[in-house]
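This report refers to the structure that appears directly beneath it.
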Amino acid sequence: MTDSPPPLPYGRQHITEDDIAAVVECLRSPFLTQGPRVAEFEAALCEATGAKHSVAVSSGTAALHLAYLALGLGVGDVGITSPISFVATSNGLLYVGASVAFADVDPRTGLLTSESVDSVASRLAREGRPPRVITPVDLAGQPTDHAEIQAIARQHGSFVLDDCAHSLGATYEVDGKTYRAAGCAHADAAILSFHPVKAVTTAEGGAITTNDSSLYQRLLELRTHGIHRDPARILRDPNDAIRGPWYYEQASLGYNYRLTDLQCALGLSQMRRLAAYVERRQAIARRYDSAFESSPLSAHFAPLAKRPGRTNAHHLYVVQLRRRQGETLRDVGLRRRKLFTALADQRIHCQVHYIPIPMQPYYRDHKGVIAGEHPGAEDYYATSISLPMFPSMTDSDADRVLDALSAHSAQ
Ligand SMILES: *Cc1c(COP(=O)(O)O)cnc(C)c1O
């Protein structure tokens with residue numbers, strides 16, 4: 001009997017001895033949380049993205065919640081986002097009592113199309129409720145059309161919040177100039193996630209980046225209960241006899257969404273390898289791409305379409321099943337399911353990113369969800385599968401995936 005090959009997940013963290021040493025050093029230090037490593041990690045995020053400010057928080061989901069709050073969204077407001085994202089992207093709007101309108105994606109990239117964002121935003125404006133925010137998602141690590149989306153947002157007086165959970169380390173060009181994902185050159189703020197499958201990890205963790213100093217101050221306050229110690233804003237006479245150096249004030253209803261020093265120690269150590277990780281992911285993507293661009297695999301599969309002038313951070317590697325003549329979406333969806341199961345039988349554990357959010361039972365029944373049609377999202381969903389993609393993957397791991405795809409499609 002031959003040994004079964006090791007399992008290959010769609011994504012996995014990479015932890016080095018340096019990472020472990022950094023966390024252990026923190027454990028021996030005076031601070032487990034709210035110590036110096038938080039600001040150091042935030043500085044590393046600013047350095048990597050080019051954003052002026054960053055606020056580390058306990059998850060990417062917390063980052064979305066705080067960003068929507070700090071932008072002032074609430075009951076009666078509407079946000080536009082992508083149906084092809086993790087549910088957290090739109091859940092953040094529901095957390096603050098806002099409504100969600102989903103624009104549609106290009107079925108070949110999974111990215112929001114400017115045309116669809118424009119048409120949903122214009123429809124909302126005609127109904128007297130222009131979007132307060134537009135949240136594009138850099139799906140799989142490929143930057144969306146940031147400049148175009150910002151232009152649409154400006155027409156409607158909307159904020160832009162970039163969901164860059166997949167794209168830390170990616171770049172895009174506008175008019176010959178290169179911009180970094182989460183640098184907020186075309187957005188009011190961006191969010192990142194440091195979940196173990198993401199570009200770098202803090203176990204759980206996230207951050208908001210922004211170039212807007214007043215938004216930054218609101219985010220800091222909301223991260224820690226709405227409390228501040230800003231002398232300029234303390235409401236009553238600070239020399240009051242019942243006050244002292246301990247004095248603080250709660251000015252708004254915030255949360256405890258802090259990221260610990262322990263986690264920031266890990267994140268800081270990981271950030272030193274961000275560029276190397278992204279390069280390795282891009283090398284694996286090229287290996288997959290070249291197989292899908294030549295026969296016989298090219299007859300059955302196509303990588304996601306590449307938008308011009310961008311580098312992809314490749315959080316995910318999504319490949320799509322080519323539709324056969326006369327095949328319905330249901331037919332191709334069934335073929336995708338067979339493929340998924342056949343790969344899992346060989347311990348190649350793929351994933352599907354994502355089930356369109358409006359299809360979720362909670363969203364179907366929610367009064368805060370504005371109805372719409374999303375044929376691009378349905379098409380994207382039926383045909384897509386995420387193959388193993390993580391920086392510690394070897395070339396032969398990638399070849400094992402490709403061989404399994406070849407064997408399956410030859411049947
Ligand atoms: C991972 C992810 C999030 C949420 O991040 P968590 O850190 O898991 O809370 C948000 N948006 C997208 C697109 C993600 O992939």
In whole Å, how far is the Cα centre of the range 353-411 from that of the range 247-311?
-> 17
Full extension from residue 21 to residue 344: what is 0.36 nm times the residue separation minus their Cα-Cα distance, to one decimal in nm?
-> 112.8 nm
Using bins 10 angstrom wide from zero, how does P(r) for the range 275-348 break down, in % of all Cα pairs?
-> 17, 41, 33, 9, 0
Using alpha-carbon coordinates alone, the radius of gyration and Dmax of the range 1-142 in Å work out to 20.3, 69
Kindly identify the range 156-197 as rounded, prolate or oblate by the Cα gyration tensor criterion: order the square roots of the eigenvalues as a ≥ b ≥ c, call it rounded if a/c is under 1.5, otherwise compare a/b with b/c, prolate if a/b is larger, else oblate.
-> oblate
Long-range tail of P(r) for the range 57-102 (Cα pairs > 13 Å, %) = 48
What ranking do 121-129, 396-404, 200-208 get when scored by the average of other Cβ atoms within 10 Å per residue, highest first?
-> 200-208, 396-404, 121-129
Accessible-area ranking of 257, 317, largest first, probe 1.4 Å | 257, 317
With label points built 7 Å along Cα→Cβ from the Cα atoms of residue 352 and residue 31, find their separation and express it in nm.
-> 4.5
Log10 I(q)/I(0) at q = 0.10 Å⁻¹ for the chain, from Debye over equal alpha-carbon scatterers, is -0.70
Compute the FRET efficiency between residue 396 and residue 247 as 1/(1 + (r/R0)^6), taking r as their Cβ-Cβ distance and R0 = 51 Å, and round to the nearest 0.05.
-> 0.25
In the Gaussian network model of the chain, springs joining C-alpha atoms below 10 Å, which of 191, 242, 149 carries the largest mean-square fluctuation?
-> 242
For the range 162-256, convex hull of alpha carbons as volume per residue, Å³ = 125
Once the Cα gyration tensor of the range 231-302 is found, what semi-axes does its equivalent ellipsoid get, as square roots of 5 times the eigenvalues, in whole Å, sorted largest first?
-> 57, 16, 9
Computed over the chain, protein heavy atoms only, probe 1.4 angstrom, the accessible area per residue in square angstrom equals 45
Extended-chain gain in nm, criterion 0.36 nm per residue less alpha-carbon gap, residue 178 and residue 366 | 63.7 nm
Dipole in debye (nearest 20) - the chain, about Cα centre, beta carbon charges: Lys, Arg +1; Asp, Glu -1 | 420
Take the alpha carbon atoms of the range 225-381, find their radius of gyration, then divide it by 2.2 N^0.38 Å using N residues; give the quotient.
-> 1.70
Pairs 52/198; 198/306; 198/338: which are spaced more than 24 Å apart, C-alpha to C-alpha?
-> 198/338
Quick one: what Rg and Dmax do you get for the range 19-94 from the alpha carbons, in Å?
-> 16.3, 49
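The values are calculated or read from the model by the stated rules, or taken from the named source; none is laboratory data. Treat the numbers as computed from the prediction; the structure is a model and nothing was measured. All Cβ positions, glycine included, derive from the backbone under ideal geometry; neighbour counts span all protein chains shown. Note: areas computed on protein heavy atoms with side chains; ligands, DNA, RNA excluded. Shrake-Rupley method; radii C 1.70, N 1.55, O 1.52, S 1.80 Å.
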